[in-house]
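Below is one structure; the comments refer to it alone.
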Amino acid sequence: MNSTRGDAHKLYLKFKKIADNDEPLHELSKLREIAEMKTFYKEIDTPTLENIYYRILKEKNGMGMIPVFVSAGPWLLFLFSKQLQELLFRNGSTLFFIFVMIYLTVLIISVILHFREKAWASIHLTMIKDLLKIRTG
């Protein structure tokens, strides 16, 4: 039943298990990476940090092209559906099966990459925003 609770809850359970074993949480690679990012951003002057924030914000908003690509693909295929059907079913359904598998693989990889990139962009943006808020009071 834990598999339906999401990654954040799984992380909580992992952190809790480590803490219950009296192991230091700050030594975990997932937390060390975040701490390194935070340290790096703290060392940057405020005007540069603001520019980095805006650039990452632009990158995060630019990631919307992946869903556009994913949703535009079927429409493009629909435009050429008659020609595509003739090509794919010319020698049975083997070519169709290969085509569908390749398309679904690209679709799944694109969606996974989109959400991973979006999540990392959110981490950077939140971290920078918090640092800028502390600096400006």
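The values are calculated or read from the model by the stated rules, or taken from the named source; none is laboratory data. Quantities reported herein were computed from a predicted structural model and do not represent experimental measurements. Here the Cβ positions follow ideal geometry from the backbone for every residue, glycine too, while neighbour counts run over all protein chains shown.
Enumerate the pairs (first residue in segment 83-103 and without any contact (Cβ under 8 Å) to a residue 40 or more places away in the chain; second residue anywhere and assigned to a helix (DSSP H, G or I) and of a type in the set (K, R)) with beta-carbon separation below 7 Å, excluding pairs fewer than 6 apart on the same chain, so at least 6 apart or on different chains. Pairs that qualify, where the first residue is without any contact (Cβ under 8 Å) to a residue 40 or more places away in the chain and the partner is assigned to a helix (DSSP H, G or I) and of a type in the set (K, R): there are none.
Filtered by the rule that a residue be assigned to a helix (DSSP H, G or I) and polar (S, T, N, Q), segment 90-137 gives T94, T105, S110, S122, T126, T136. When L11, L88, L84, L28 are checked against the criterion of being surrounded by 14 or more Cβ atoms within 10 Å (Cβ to Cβ), outside the structural domain of K118 (by TED's automatic domain parsing) and at pLDDT below 90, L28 stands alone in meeting it.
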